[in-house]
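Before any comments, here is the structure.
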Amino acid sequence: MNKDWKLPNPEATPSQLTERLQEMKSTLRVQDPSLVAVRSACSWLTLGPNRGELRIPLFGEVCLFPFPELTGYDHHDNPLPDFQQALLLYYLVTADGMPVSGRWVSFADLPDGRMYNAAFQSYSGDAIAKKFGLNLDAFKRTCAHKGGKSVEIASASFVFQALPCVPLLVTFWLGDEDFPSSCKILFDESASHYLPIDACAILGSMLTRKIIHV
């Protein structure tokens, strides 16, 4: 299992993205899909000899990956965008079954995260803080409506289950007339056992869009 692969960047050409998808599918096809499901905490449905379906919740929406084809679909049987397929296949390839620790760390504290932390913060936590400003109640209502579970950290915080073994924590500190509000997206310490740093950034960006697009 090659954990040194990187997720194709958003500017990757269609041929580069197709090549990466095929690489990850080939890696998964030689593995026991039931063990892949165990390591990633996904569900596996056997449909016949060496045939079945992996089911991966992504922010609560189940994505389906028939095996051995491994082309992903949403719960309406629509093909997933290639970049989302790559994200979920990488999750299946990387997952090693490490238990979620319950210890929250910043993006900068993840392996290789410090170099990209300023950019990540600008389009994640800073964007959320700008959206809600001093309106803490609106932040709370929105996060609860979007599936977050409230926890008692900072002025308000919510846990979102991005992937079965990758929870994200959104923490919000309310400002005042002199100091602006601030926000951060935190990761479980075990996140690198399931995704590389660029994929963690993508999940954080996806969560930010869920929260600010009310």
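Given S106, S157, S205, S181, which one is hydroxyl-bearing (S, T, Y), surrounded by fewer than 20 Cβ atoms within 10 Å (Cβ to Cβ) and more than 13 Å from the chain's Cα centre (by Cα)?
S106
Residue-by-condition table, conditions (1) closer than 18 Å to A41 by Cα; (2) of a type in the set (G, A, S); (3) without any contact (Cβ under 8 Å) to a residue 12 or more places away in the chain:
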| residue | (1), (2), (3) |
| --- | --- |
| A154 | no, yes, no |
| L163 | yes, no, no |
| F172 | no, no, no |
| L186 | no, no, no |
| R209 | no, no, yes |
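When you look at E152, is it of a type in the set (D, E) and at pLDDT 95 or above, yes or no?
yes
Where residues in segment 36-77 are of a type in the set (S, T, N, Q) and part of a strand (DSSP E or B), which of them is farthest from F160 (Cα to Cα)?
Among residues in segment 36-77 that are of a type in the set (S, T, N, Q) and part of a strand (DSSP E or B), the one farthest from F160 (Cα to Cα) is T46.
Given the options Y123, Y90, name the one that is of a type in the set (S, T, Y), under 15 Å from L203 (Cα atoms) and at pLDDT below 95. Write out each step before concluding.
On the way: Y123 fails: at pLDDT below 95.
Result: Y90 is the single residue among Y123, Y90 that is of a type in the set (S, T, Y), under 15 Å from L203 (Cα atoms) and at pLDDT below 95.
Just checking, which of S26, S34, S40 is among the polar types (S, T, N, Q) and in contact with a Pro (Cβ under 9 Å, 6 or more places away or on another chain)?
Residue meeting the stated conditions: S40.
Considering each residue of segment 121-154, count those that are surrounded by 15 or more Cβ atoms within 10 Å (Cβ to Cβ) and farther than 16 Å from R209 by Cβ, and give that number.
Matching residues across segment 121-154 total 4.
When you look at T94, is it under 22 Å from D188 (Cβ atoms) and among the hydroxyl-bearing types (S, T, Y), yes or no?
The answer is yes for T94.
For G147, work out the one condition from (1) under 19 Å from the mean Cα position of the chain (by Cα); (2) on the phi < 0 side of the Ramachandran plot; (3) at pLDDT 95 or above it doesn't fulfil.
(2)
Please work out which one of (1) farther than 15 Å from T208 by Cα; (2) in contact with a Pro (Cβ under 6 Å, 6 or more places away or on another chain) is the condition V159 fails and give its number.
With respect to (1) farther than 15 Å from T208 by Cα; (2) in contact with a Pro (Cβ under 6 Å, 6 or more places away or on another chain), V159 is out only on (1).
Would you confirm whether or not segment 176-183 contains a residue that is of a type in the set (F, W, Y) and over 16 Å from H213 (Cα atoms)?
Yes, some residue in segment 176-183 is of a type in the set (F, W, Y) and over 16 Å from H213 (Cα atoms).
For the structure I just gave you, tell me whether V166 is in contact with a Phe, Trp or Tyr (Cβ under 9 Å, 6 or more places away or on another chain) and closer than 13 Å to T208 by Cβ.
In short, no.
The values are calculated or read from the model by the stated rules, or taken from the named source; none is laboratory data. Owing to the predicted nature of the structure, the values given are computational and were not obtained by experimental measurement. Note that each Cβ is placed from the backbone with ideal geometry, even for glycine, and that neighbours are counted across all protein chains shown.
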